[in-house]
Every structure is written in structure tokens, then in C-alpha cells.
Amino acid sequence: MNKPKSNLFGLSGSVKDQLAQKMLEKRLKKVSASEIEKKSAKRSRKSLLSNSKIPDEFCRFDKFPGYQQIRILETGGKQLGVETPFFKVHEGVASNTTQIAGQEYINFASYNYLDLCGHPEVSQAAKEAIDQYGTSASASRPVAGERPIQRDLEVALAKVYDVDDCIVFVSGHATNVTTIGYLFGPKDLILHDSLIHNSIVQGGQLSGAKRLPFPHNDWQALDDILFQQRKKYERVLIVIEGIYSMDGDYPDLKRFVEIKKRHKAFLMVDEAHALGVLGDKGHGIKEHAGVDGHEVDLWMGTLSKTLASCGGYIAGENALIEHLKFSAPGFLYSVGISPPLAASALAALKILDEEPQRVKQLKDRGQQFLELAQQHGLNIGSSAGLSVIPIITGGSANAGRLANAMFKRGINVQPIFYPAVQEGMARLRFFICSSHTEDQISQTIDILVDEMAKL
Ligand SMILES: Cc1ncc(COP(=O)(O)O)c(C=O)c1O
């Protein structure tokens, strides 16, 4: 495939697109936070302090730079003829198919990797937990007390990683923010993969630690940074993902374990997209790489993907889990996971253990998708062909148009634009699930090839 021209916002294509993009960039720059800061710096201290002169951008929500940029992008999208692909309303369980506005679509936009969301036993477990405990844990667990189902889930998750214990939080994103934000501080260093999830970055920012990204999956570059930097800091945290959510590839975990040991650093692995996907049993990158659970210091995961629920967890040694349970603000000052959500995740975990064939089905369909895409010369980046397979289009306008064209032909797939991915690396992101059929995959690739030719 031709490498598309790319620039600031990853838009590319016809001259008309490029002109429209230039206009967009100009308008976006005008409202950017840095431009507004420049303007404020020019204002005299006196004028800033005088109440009557407080500028609109400091007291009106519609003047926030981020909001203005959203409006400009929306208008720009309309000018480029790209309808917004976001916030579609699903009318039932989203798995290999979904229903939107009364129409059935082949669906590639859900994290329901093993089809456990909507599974009768998972739904039944949630209903029984509601009947027994109600819908909410009402307050934080240290204060309001425990529901046995919460603890059962933690024990079951600790078993997956073969570590001492586990703590469950109400959100995957908040798990990363509060764990990293609480454990690390200004004298520490956080080294993370350049494609790491936003929640890790936010946690790092909250901690006040020095934060350095290293090139994607490049353990040698990480090793070099540690040789140069390790001794300047107290604690060092290395953060990687089990499967990268935008690219669908995975790291060489054994190398990272060896490096973290050599430099006396902590290693954290975010398993959000790897649990239920990697390894024959679906126990994630630990099983896939054949490492011992204790060789990774913090196993992090989310309940929202394979486990058909909502929440996040950290699994590891007793000293870590107990510390977080008594002190991490996102646990101590936030409500405990609701009983139906704990019950559904636990039921999903049980099915994962009993039915490893789901993991195999997912992998088979992922491989089929990957091979067909490669045969047609589509750019799948570095995807391993498991749960996440991107089709990189380069420009955001093309990704938006392609997603809309696919939708019109009965396929629901989301486009991903900058800043979620690097500029010029916009894509359609396909999530595979175990119930996708061979026919659905080959039909999708045929339509994709057809629509890409029209761009
Ligand atoms: C790698 C990674 N970590 C953490 C999260 C946050 O998890 P949740 O959406 O369950 O809050 C996500 C969300 O997609 C993710 O992809």
C-alpha cells in the first residue's frame, strides 16, 4: 500500500482534503492552550487582577481551548463530509453482531473477546448478587464492610497470576491512576512504553515522578536508559502492556523481567487486552511467556473486557496489596465494586477456566483476519492477529470515511484518530471475538478491500 502523506492531524488525501485540513490546523492552533497562555502572558498583571478585566476564557466553559477544538473538529469533519462515528446506540448485547437503530451489523467494536458479556451464566450470577446484596456496595470497603463476592473475585484473580493477593477497584482507568499516583513520588522514575495507555500516563503525572517513554517494545532502549538514569532516582517503575490496545502486538516479557531484575526496578504489566487472549488457558502474557507470577511486581487488569464487567485490579505480593487496601485513595475513598459487577466478573473467570476452547476460537479468527488482510496488502502495523487488529489508513479523514462506508455496508468498526494514536497513523481498529464466524471475517475483508479502493 502507498504510504499516505500525513501531517499535524493525520488528515491526508485529495487537494480539497488538504486545504480543508490546513484551515482546520490554523483554527485549532488559534484556540490551543499554548496560544492562550501566550496571550495571557502579554496581559499586564494589573489587568489580570482587576475583576472587570478577567478574560472570558478564565470564567466560561465554552471558552476552554479543549472544547473549542472539539467544535472546530466537528465542523471540519462536516466540511470533509465525514459524519461523526462516535456514541452509536446499541440495542442489545454487542458481540460478533450488534443491533443499532433496528439494523443488525457484524460488529468489531466491542471488547467482548470471549462472548462472556451476555452469557446466561454471567447474567444469572449478576442477578443473584443483586437479589442477595442489592445493586451497590454503597461506600468504601474499609468503611462499609465487605461482600463475600468481592473477596472471592480477588482470590480468584490472584490465582490466575499465581501471586499472594489481589485488590479490585471500581474502574480500570482509576486503578492505574491511583496505584501509580499513590505508590510513586517526585524522587522516582517511571519508564513506560511509548504506546502505553492514557491511564498509566495520568497516574505518572499524578505521582510527580519523572516520566520517560521508551520506544515501543524496545527492551534494549529501556536497558540503555536504565544504565544512564537508574542511579539518579530512588524507586523506578517500568510499565508495559500484555497486548497493546491500539496495535495488537505484545512485548517480550522475559526480556523485561530480566532488565527489571538487573536494575532493581519494579515491573508493572497492564493485562487489559491480554487476559482471556494470550496463553492456551487465556491467562495472559504470564502464561504465554512462561514467567513466574512473582517475577512481575504489579499485575494490572480490567474487568471490562474479557471478564464482562466493570472495574480494575492489581495482583501481586501481600505487602503491595495490603498497602493499597489501606492507603490508595482510589480504594480508600471510593465505593467498593458493586455486587453484580463482582459476581459477573467471577462467573466469567469460571467460564474462562472451564472453556479454553473460546480462547482458541478467538485466536483462530484473529489469525484468519490477519492472513486475509496481509494477502490483500492491507497495513496491519505490528499486530499479532489476536484480539486487536488495526487497519492503518494514515489520514484521519480517510479513517472516518472508511468507517462510515463500512457501516453503510453492515459492518460496525470504530476509527481511531490522533491524539489516541500518533499523527498520520489513524486507523480502523478491529476487535475480534470468539463468536465471529469464518464467513463474517472473510466478508468483512472483502468489503474492506472494496471500500479502501474507493478512498
Ligand atoms: C491498556 C488499558 N488499560 C486500562 C484501561 C482502562 O480500563 P477500563 O476501560 O476498564 O476503565 C484500558 C481501557 O480500554 C486499556 O486499554
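The values are calculated or read from the model by the stated rules, or taken from the named source; none is laboratory data. Since we're looking at a predicted model, the values are computed, not measured. Glycine also receives a Cβ, built like all others from the backbone with ideal geometry; neighbour counts cover every protein chain displayed.
Does residue 263 meet the test of being over 16 Å from residue 197 (Cβ atoms), more than 14 Å from the chain's Cα centre (by Cα) and at pLDDT 95 or above? Before the answer, list the steps.
On the way: over 16 Å from residue 197 (Cβ atoms): yes; more than 14 Å from the chain's Cα centre (by Cα): yes; at pLDDT 95 or above: yes.
Yes.
What's the total number of residues in the stretch 400-451 that are of a type outside the set (Phe, Trp, Tyr), in contact with a strand residue (DSSP E or B) (Cβ under 8 Å, 6 or more places away or on another chain) and farther than 21 Å from residue 113 by Cβ?
The number of residues fulfilling the criteria is 7.
From 327, 309, 344, 338, which residue is within 16 Å of the ligand (Cβ to nearest atom) and more than 20 Å from residue 271 (Cβ to Cβ)? Working first, answer last.
On the way: 327 fails: within 16 Å of the ligand (Cβ to nearest atom); 309 fails: more than 20 Å from residue 271 (Cβ to Cβ); 344 fails: more than 20 Å from residue 271 (Cβ to Cβ).
After ruling out the rest, the residue left standing is 338.
Considering only the stretch 155-178, how many residues are more than 10 Å from the ligand (Cβ to nearest atom), surrounded by 20 or more Cβ atoms within 10 Å (Cβ to Cβ) and either of a type in the set (Lys, Arg) or in a helix (DSSP H, G or I) (or both)?
5
Specify which of the listed residues (165, 188) is in contact (Cβ under 8 Å) with a residue 24 or more places away in the chain, touching an Asp or Glu at 6+ places or on another chain (Cβ under 8 Å) and either closer than 22 Å to residue 256 by Cα or not assigned by TED's automatic domain parsing to the domain that holds residue 308 (or both).
Values: 165 fails: either closer than 22 Å to residue 256 by Cα or not assigned by TED's automatic domain parsing to the domain that holds residue 308 (or both).
So the residue among 165, 188 that is in contact (Cβ under 8 Å) with a residue 24 or more places away in the chain, touching an Asp or Glu at 6+ places or on another chain (Cβ under 8 Å) and either closer than 22 Å to residue 256 by Cα or not assigned by TED's automatic domain parsing to the domain that holds residue 308 (or both) is 188.
Within the stretch 204-227, is even one residue among the basic types (Lys, Arg) and within 18 Å of residue 305 (Cα to Cα)?
Applying the first criterion (among the basic types (Lys, Arg)) to the stretch 204-227 yields 210-211.
Add one more test, that the residue is within 18 Å of residue 305 (Cα to Cα), and what stays is none.
The answer is no; no qualifying residue exists.
Given the criteria surrounded by fewer than 16 Cβ atoms within 10 Å (Cβ to Cβ) and in the same structural domain as residue 349 (by TED's automatic domain parsing), does residue 263 qualify? Walk me through it before giving the result.
Working: surrounded by fewer than 16 Cβ atoms within 10 Å (Cβ to Cβ): no; in the same structural domain as residue 349 (by TED's automatic domain parsing): yes.
No: the conditions fail for residue 263.
Restricting to the stretch 179-195, name every residue that is within 16 Å of the ligand (Cβ to nearest atom) and touching a strand residue (DSSP E or B) at 6+ places or on another chain (Cβ under 6 Å).
Taking the stretch 179-195 as the starting set, the residues that turn out to be within 16 Å of the ligand (Cβ to nearest atom) are 179-181, 190, 192-195.
179, 190, 192, 193, 194, listed by residue number.
In the stretch 249-283, what residues are away from the ligand (no atom under 13 Å from the Cβ) and among the small types (Gly, Ala, Ser)?
Correct list: 265, 276, 279, 282.
Out of the stretch 312-324, which residues are of a type outside the set (Gly, Ala, Ser) and either under 18 Å from residue 277 (Cα atoms) or within 16 Å of the ligand (Cβ to nearest atom) (or both)? Let's see the steps before the verdict.
Residues of the stretch 312-324 that are of a type outside the set (Gly, Ala, Ser), as a first pass: 313-314, 317-318, 320-324.
313, 314 - these are the residues of the stretch 312-324 that are of a type outside the set (Gly, Ala, Ser) and either under 18 Å from residue 277 (Cα atoms) or within 16 Å of the ligand (Cβ to nearest atom) (or both).
Of (1) within 16 Å of the ligand (Cβ to nearest atom); (2) outside the structural domain of residue 445 (by TED's automatic domain parsing); (3) among the aromatic types (Phe, Trp, Tyr), residue 108 satisfies all except one. Which?
(2)
I want to confirm something. Restricting to the stretch 293-306 and keeping residues that are small (Gly, Ala, Ser) and within 13 Å of the ligand (Cβ to nearest atom), which single residue is farthest from residue 197 (Cα to Cα)?
First pass over the stretch 293-306, keeping only residues small (Gly, Ala, Ser): 293, 301, 304.
With the extra rule that they be within 13 Å of the ligand (Cβ to nearest atom), the set shrinks to 301, 304.
Values: 301: 12, 304: 15 Å.
So the residue we want is 304.
Could you go through the stretch 361-379 and let me know if any residue there is modelled with pLDDT of 95 or more, assigned to a helix (DSSP H, G or I), within 23 Å of the chain's Cα centre (by Cα) and closer than 17 Å to residue 301 by Cα.
no
Among the residues in the stretch 118-135, are any under 26 Å from the mean Cα position of the chain (by Cα) and not in a helix (DSSP H, G or I)? If you could, list the steps in order and put the result at the bottom.
Kept after step one, since they are under 26 Å from the mean Cα position of the chain (by Cα), are these residues of the stretch 118-135: 118-119, 122-123, 126.
From what's left, not in a helix (DSSP H, G or I): 118-119.
Looking for residues that are under 26 Å from the mean Cα position of the chain (by Cα) and not in a helix (DSSP H, G or I), one finds at least one in the stretch 118-135, hence yes.
What is the one condition in (1) under 30 Å from residue 142 (Cβ atoms); (2) touching a residue at least 60 places away in the same chain (Cβ under 8 Å); (3) surrounded by fewer than 24 Cβ atoms within 10 Å (Cβ to Cβ); (4) more than 16 Å from the ligand (Cβ to nearest atom) that residue 376 does not satisfy?
(1)
Just a yes or no: is a residue in the stretch 207-218 in contact (Cβ under 8 Å) with a residue 40 or more places away in the chain and assigned to a helix (DSSP H, G or I)?
no
Quick one: is residue 246 surrounded by fewer than 23 Cβ atoms within 10 Å (Cβ to Cβ), within 16 Å of the ligand (Cβ to nearest atom) and outside the structural domain of residue 422 (by TED's automatic domain parsing)?
Considered against the rule, which asks whether it is surrounded by fewer than 23 Cβ atoms within 10 Å (Cβ to Cβ), within 16 Å of the ligand (Cβ to nearest atom) and outside the structural domain of residue 422 (by TED's automatic domain parsing), residue 246 comes out as yes.
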